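The values are calculated or read from the model by the stated rules, or taken from the named source; none is laboratory data. Because the structure is a prediction, the values reported are computed rather than measured. Here the Cβ is made from the backbone with ideal geometry for all residues, glycine too, and neighbour counts use every protein chain on show. Ligands, DNA and RNA are excluded from the accessible area calculation, which covers all protein heavy atoms including side chains. Shrake-Rupley method; radii C 1.70, N 1.55, O 1.52, S 1.80 Å.
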Amino acid sequence: MPTEEQLRPAEQLPTNAEASLLMNEPPRSLRLLARAFILIGLSTRLACFLDQDGRLFKQFPTEDGYLMLTIARNLGLGRGMSTAEGWIPTNGTQPLFNFIEAIGFYLFDGSRRAGVTWALVCELLLSIACAYGLYRLTLRLLAQRPAIASSSAYLAGAAWFASPVIVPHSMNCLETTLYATFIVYSVEAWLTLWAGRAAPQVAWARAAAVGLLLGGCVWARIDAVFLVAAMTGCHFLLGARGGAARSRFAESFTMGAVAVLVASPWLINNRIQFGSFMPISGTAQSLSASFGSNAAYVPSMLVEYASVVLPIPQSLELLPIALAVQLLVFAGYLVGLVVLARAASESERGPLTLLAVHGGALVAYYGLWFGAPHFVGRYLFPLSLYFAMATAVLVVEGWRRWGSRLPALAPAAGLAALALVGLLNVRLYRQGTQHMHFQVVDFVDRHAGEDVWVAAIQTGTLGFFHEKTVNLDGKVNPEALRMALGKHTPDYVVNARFGPEHRPIEWLADWEAIADWIAYEPISSTFELVVRDEAHRLGVLKRRPTALAGTP
């Protein structure tokens with residue numbers, strides 16, 4: 001006679017389902033490969049703490065990462081969420097990781113080195129938590145396929161953690177890794193709720209718990225509203241069957257309401273203080289956007305994340321022949337996924353639909369409506385989680401079906417993948433003392449005193465190391481954004497005053513393109529061109545001495 005456990009529906013697996021799934025341990029060779037991947041990913045992340053030639057400041061923190069670090073440092077020093085030595089209030093950030101970064105600057109009295117170290121340590125720990133969460137999520141999604149569940153989970157988590165595509169995004173001093181971690185654990189928590197979709201009772205507590213995690217997602221990154229909409233919509237539309245429709249609606253409403261309630265302080269602050277629910281950074285990034293302006297950048301990102309470990313050189317991304325190949329490769333990849341999905345059970349289709357809807361919403365929004373094409377890879381970062389699981393299943397299922405015909409292929413493929421990942425991570429290490437913005441920092445440090453006000457379009461790195469720095473593209477400066485929207489930025493540069501002494505902007509220092517601003521009035525009559533160095537990507541303008549007359 002079958003036991004009660006044997007009669008339990010597959011989707012009603014206990015919360016420790018991974019324990020039973022591990023009865024189907026992956027092959028020893030796959031476990032060794034996964035451990036090697038983990039060691040590579042850990043070594044690459046730890047290398048920045050060795051700090052040869054400024055590696056701590058240059059290997060992972062990006063320009064936008066330094067924008068967040070600047071705000072975090074001001075928070076830690078008691079200046080509020082601001083830039084420019086605390087004189088310019090801002091909401092141009094994603095707040096939750098900013099608060100985490102601020103703790104480091106508070107604990108270490110504003111020390112830049114200690115604060116950056118704290119942020120990188122936090123991201124290292126979050127990367128580990130995210131990889132482990134990806135492992136758990138893969139086990140749960142494949143709960144009815146114990147033959148491939150454990151092997152796929154090992155491969156997905158380890159390959160994602162070691163990927164040279166993922167490592168820079170996961171250590172960039174931005175919200176990226178915290179956001180991905182929240183997504184993984186939110187989807188896993190929802191799976192428990194989804195497993196009871198046929199029950200007539202409302203699982204109030206579980207729905208509220210999922211809503212709390214979704215609210216945390218929004219605090220981590222505001223575009224998590226797509227995940228909230230996808231999850232609540234899928235839970236109701238796909239789970240409402242017969243007499244359970246009201247219960248599923250109640251759970252969906254609870255998830256969404258709790259998420260909105262948790263996120264509302266940040267959203268209300270944005271609306272009241274800055275006039276829009278979206279942070280000013282999002283508005284600034286969209287200034288030059290037009291419909292479909294990012295579309296050409298999407299295929300390479302999809303292929304990179306689908307491959308998990310293979311970056312596409314930027315020089316090839318937009319070539320017509322490369323775009324055609326990328327689209328063809330990704331179409332073949334989707335065909336493979338569709339073939340696998342056709343065999344999915346009813347309980348598996350809901351999670352698969354959720355991931356597809358969320359991923360599709362991100363691709364549509366950032367590919368068609370948003371600006372800043374150079375950041376598309378970061379915006380689509382959640383797709384790396386979904387594709388890591390999908391690719392791992394394709395590899396494991398493919399090998400299970402056809403690998404016995406080519407027994408020598410598995411070791412060779414494993415060694416090739418290990419060599420590829422290892423060499424690409426070595427390349428990341430070798431480039432770790434280079435940074436695209438430190439030439440501006442070095443010039444300002446040598447030629448402009450600490451008490452001189454400097455302005456730039458890109459002020460992340462410069463503003464972190466030179467406090468009296470004014471942002472001009474509006475990403476963290478609401479007044480500059482207002483001026484940019486009205487085409488009055490040159491007037492702002494000349495007339496704005498800052499600090500207790502109301503000092504003017506005396507230097508413009510950025511990439512070489514800022515040298516072209518000398519053609520604009522009233523800048524041309526107030527500033528003189530000092531440097532236009534295309535080889536070192538540096539442009540500098542200095543206010544004329546006569547233009548300083550009468551300045552306090």
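Please figure out what share of the DSSP beta bridges in the chain is antiparallel and state it in percent, rounded to the nearest 5.
On the way: 14 of 20 bridges.
Of those bridges, close to 70 percent are antiparallel.
Express in nm, to one decimal, how much length is gained between residue 340 and residue 99 on full extension, taking 0.36 nm for each residue of separation and deducting their alpha carbon distance.
Residue separation times 0.36 nm, minus the Cα-Cα distance, leaves 82.6 nm.
Using only the heavy atoms of the protein chains and a 1.4 Å probe, how would 435, 466 rank by accessible area, largest first?
Most to least solvent-accessible, the answer reads 435, 466.
Which peptide among 179-189, 358-368 comes first, and what is the full order, when sorted by highest mean count of other Cβ atoms within 10 Å?
Ranking the peptides 179-189, 358-368 by packing returns 179-189, 358-368.
So, R0 is 22 Å and r is the distance between the beta-carbons of residue 410 and residue 310; what FRET efficiency does that work out to, to 0.05?
FRET efficiency, residue 410 to residue 310: 0.70.
Compute the distance from the alpha-carbon center of segment 115-159 to that of segment 352-377, in whole Å.
That distance is 22 Å.
Under 4 °C and 1.567 mPa s, how fast does segment 158-240 diffuse according to Stokes-Einstein, given a Kirkwood radius computed over C-alpha pairs? Answer in µm²/s, whole number. Walk me through the numbers before you get to the answer.
Numbers: Rh = 14.0 Å.
Translational diffusion coefficient: 93 µm²/s.
Out of residues 5 or more away from residue 503 or on other chains, whose amide H comes under 5 Å of its own, with H placed 1.01 Å from N in the peptide plane?
498
Given H placed 1.01 Å from N in the peptide plane, which residues other than close sequence neighbours of residue 276 have an amide H under 5 Å from its amide H?
271
With charges only on Cβ, +1 for K and R and -1 for D and E, what is the dipole size of the chain about its Cα centre, in debye, rounded to 20?
So the dipole magnitude of the chain works out to roughly 1360 debye.
With just the Cα atoms of the chain, tell me how far they stretch along each of the three principal axes, in Å, largest first.
Rounded to whole Å, the extents work out to 96, 55, 46 Å.
Please pull out the direction-averaged projected area of segment 430-552, using the convex hull of its alpha-carbon atoms, in nm² to one decimal place.
7.9 nm²
For segment 474-510 and segment 195-213, write down the distance between their C-alpha centroids in whole Å.
After rounding, the separation between the Cα centres reads 50 Å.
Cβ under 14 Å from residue 175's Cβ, residue 175 left aside: what net charge do those residues give with Lys, Arg +1 and Asp, Glu -1? Each step should come with its number before you reach the end.
Details: positive: 221, 378; negative: 64, 101, 123, 223.
Summing Lys/Arg as +1 and Asp/Glu as -1 gives -2.
Specify the angular offset, from 0 to 90 degrees and rounded to the nearest 10, of the alpha carbon long axis of helix 438-447 from the longest principal axis of the alpha carbons in the chain.
20 degrees
Going toward the positive end of the dipole of segment 151-282, with +1 on Lys and Arg Cβ and -1 on Asp and Glu Cβ, which of 162, 261, 152 do you reach last?
So the residue we want is 261.
List, in order, the whole-Hz ³J(HN,Hα) value for each residue of segment 329-341 obtained from phi through the Karplus relation with A = 6.51, B = -1.76, C = 1.60 and θ = phi - 60°; use x for Gly and Pro.
5, 5, 4, x, 4, 5, 4, x, 5, 5, 4, 5, 5
Can you list the HN-Hα couplings for segment 455-472, worked out from phi with the Karplus curve (6.51, -1.76, 1.60; θ = phi - 60°), rounded to whole Hz and with x for Gly and Pro?
Result, rounded to whole Hz: 10, 7, 6, 9, 10, x, 5, 4, x, 6, 9, 10, 4, 7, 10, 10, 7, 10.
What do you get for the angle between helix 382-402 and the principal long axis of the chain? Use alpha-carbon atoms, 0 to 90 degrees, nearest ten.
The two axes meet at around 40 degrees.
Is the shape of segment 318-363 rounded, prolate or oblate, going by the alpha carbon gyration tensor and its root eigenvalues a ≥ b ≥ c, with a/c under 1.5 for rounded and a/b larger than b/c for prolate?
Verdict is oblate for segment 318-363.
Find, to one decimal place in angstroms, the Kirkwood hydrodynamic radius of segment 288-376, where the mean of 1/r is taken over every pair of different Cα atoms and then inverted.
On the way: mean 1/r = 0.0697 Å⁻¹.
One decimal place: 14.3 Å for the Kirkwood radius.
With the other protein chains left in place, how much accessible area per residue, in square angstrom, belongs to the chain at a 1.4 angstrom probe?
About 44 Å² of surface per residue is accessible.
What is segment 348-439 by shape, rounded, prolate or oblate, if you read a ≥ b ≥ c off the alpha carbon gyration tensor as root eigenvalues and call it rounded for a/c under 1.5, prolate for a/b larger than b/c, and oblate otherwise?
The shape class here is oblate.
If packing is taken as the average count of other Cβ atoms within 10 Å, what order do 206-215, 220-229 fall into, highest mean first? It would help to have the intermediate numbers written out before the result.
Details: 206-215: 23.2, 220-229: 21.6.
Packing order, densest peptide first, comes out as 206-215, 220-229.
Based solely on its DSSP helices, what 222 nm [θ] is calculated for the chain when runs of n ≥ 4 H residues each add -39,500 (n - 2.57) and the sum is averaged over all residues, nearest 500 deg cm²/dmol? Each step should come with its number before you reach the end.
Values: 26 runs with 337 residues, N = 552.
It lands at -19500 deg cm²/dmol.
Roughly how many nanometres apart are two label points built 7 Å out from the Cα toward the Cβ at residue 204 and residue 229?
3.0 nm
Given a Förster radius of 22 Å and the C-beta distance between residue 237 and residue 369 as r, what FRET efficiency does 1/(1 + (r/R0)^6) yield to the nearest 0.05? Present the calculation step by step, with values, prior to reporting the outcome.
Values: r = 24 Å, r/R0 = 1.10.
That gives a FRET efficiency of 0.35.
Please report, in Å, the Rg and the Dmax of segment 221-330, where both are computed over Cα atoms only.
19.9, 56
Under the rule of at least 5 residues apart or a separate chain, name every residue whose amide H is placed under 5 Å from the amide H of residue 538.
Answer set, sorted by chain and number: 512, 533.
What is the sum of charges around residue 74, taking Lys and Arg as +1, Asp and Glu as -1, for the other residues whose C-beta is under 14 Å from the C-beta of residue 74?
Values: positive: 73, 79, 112, 468; negative: 85, 101, 109, 467.
Summing Lys/Arg as +1 and Asp/Glu as -1 gives 0.
Give the angle, between 0 and 90 degrees and rounded to the nearest 10, that separates the Cα long axis of helix 95-107 from the longest principal axis of the Cα atoms of the chain.
60 degrees
Estimate the FRET efficiency between residue 533 and residue 433 by the formula 1/(1 + (r/R0)^6), using the beta-carbon distance for r and 22 Å for R0, to the nearest 0.05.
Plugging the Cβ-Cβ distance into 1/(1 + (r/R0)^6) gives 0.60.
Could you rank the peptides 286-294, 370-378, 521-529 by their average count of other C-beta atoms within 10 Å per residue, with the highest value first?
Sorting 286-294, 370-378, 521-529 by mean packing, highest first, produces 370-378, 521-529, 286-294.
Tally Lys/Arg at +1 and Asp/Glu at -1 over every other residue whose Cβ is under 12 Å from the Cβ of residue 255; what's the total? Mind showing how you got there, number by number?
On the way: positive: 206, 248; negative: 251.
Residues close to residue 255 contribute a combined charge of +1.
Let me have the relative contact order for the chain, percent, based on Cα pairs under 8 Å that are six or more residues apart.
About 18 percent, as a whole number.
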